[in-house]
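The values are calculated or read from the model by the stated rules, or taken from the named source; none is laboratory data. Computed from a predicted model, the values in this text were never measured in an experiment. In this analysis, Cβ positions are derived from the backbone assuming ideal geometry, glycine residues included, and neighbour counts consider all displayed protein chains.
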């Protein structure tokens, strides 16, 4: 194991819209940011095909291309972008320590955490194979592509209920697949689902397989009480069983909610550790959009710049 150590003024962990926007602002403020891209360079948008709701792209764009644009802009202003991911941190002292790939230690005057969240999946081979081709973990992002079509959504919490009602406005029919005989969603959200005529809730139902070779052509489900199988004739399959924030390595030092989302001082990106900031989906379970992540990345860089200026770090 190498004991290589390097000191930087501003370290950015993660490379989605939040990380790259933080890098653009930090670099222009002469913080000489160093970014480690993490396990999924570009973040969740790299597994999204069409992005049509980001301002400034009137014809829409591809998620991976958009992230390449963000990256090029961050590099243009001098961000040092590197492969590698943070494997552990020590935020106990005044200098923040972050270990990269278990071998290299970075000490940093300021740290921006932009490690995002990962959608939870069912774990079916067909789900991964058709991801981006009819399978999606974001109804708000992708529902538009299924106007006047029949779709299915799996989940039983508030997000699933909200996304089902959102899809119901666009789609002809929405099947809501619920594994148990009840929903976890709040009563208000359940009432909204039940009062939407084109949503059909399938209780006690498991998803066995997503059908189709190049795009979604149907979903095979089974009632786990009666064992009866049926095929839903749908062209879209939305997974809304939750997200897991990528915060495990920080939780010894950084305060999170009960799910693991990093808690920030309201209206800022400041965490409970001075000089450590959080931006994007790692601290946002409400909106989870590229544009809101980018906005919070800008905030994090400005918060970091002001923190370093107050500290007299040059």
Go through (1) crowded, with 22+ Cβ neighbours inside 10 Å; (2) part of a loop (DSSP other than H, G, I, E, B); (3) over 24 Å from the mean Cα position of the chain (by Cα) for residue 115 and report which single condition fails. (3)
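Has the stretch 165-188 got any residue that is under 30 Å from residue 276 (Cβ atoms), under 21 Å from the mean Cα position of the chain (by Cα) and surrounded by 19 or more Cβ atoms within 10 Å (Cβ to Cβ)?
Filtering the stretch 165-188 for residues under 30 Å from residue 276 (Cβ atoms) gives none.
Taking every residue of the stretch 165-188 in turn, none turns out to be under 30 Å from residue 276 (Cβ atoms), under 21 Å from the mean Cα position of the chain (by Cα) and surrounded by 19 or more Cβ atoms within 10 Å (Cβ to Cβ).
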Residues that are over 24 Å from residue 233 (Cβ atoms) and at pLDDT below 95, at least 2 per element: which helices (runs of 4 or more DSSP H) completely within the stretch 138-203 meet that? 158-170, 187-194
Would you mention how many residues in the stretch 304-314 are crowded, with 23+ Cβ neighbours inside 10 Å and free of Cβ contacts under 8 Å to residues at least 40 places away in the same chain? 0
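Given the options 275, 297, name the one that is modelled with pLDDT of 95 or more and at positive phi.
Working: 297 fails: at positive phi.
It is 275.
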Could you tell me which numbered condition residue 314 fails, if it satisfies all but one of (1) in a loop (DSSP other than H, G, I, E, B); (2) closer than 23 Å to residue 69 by Cβ? (2)
Are any residues in the stretch 6-40 surrounded by fewer than 20 Cβ atoms within 10 Å (Cβ to Cβ) and closer than 16 Å to residue 246 by Cβ, and if so, which ones? 39, 40
What's the number of the only condition in (1) surrounded by fewer than 16 Cβ atoms within 10 Å (Cβ to Cβ); (2) in contact with a helix residue (DSSP H, G or I) (Cβ under 8 Å, 6 or more places away or on another chain) that residue 143 fails to meet? (1)
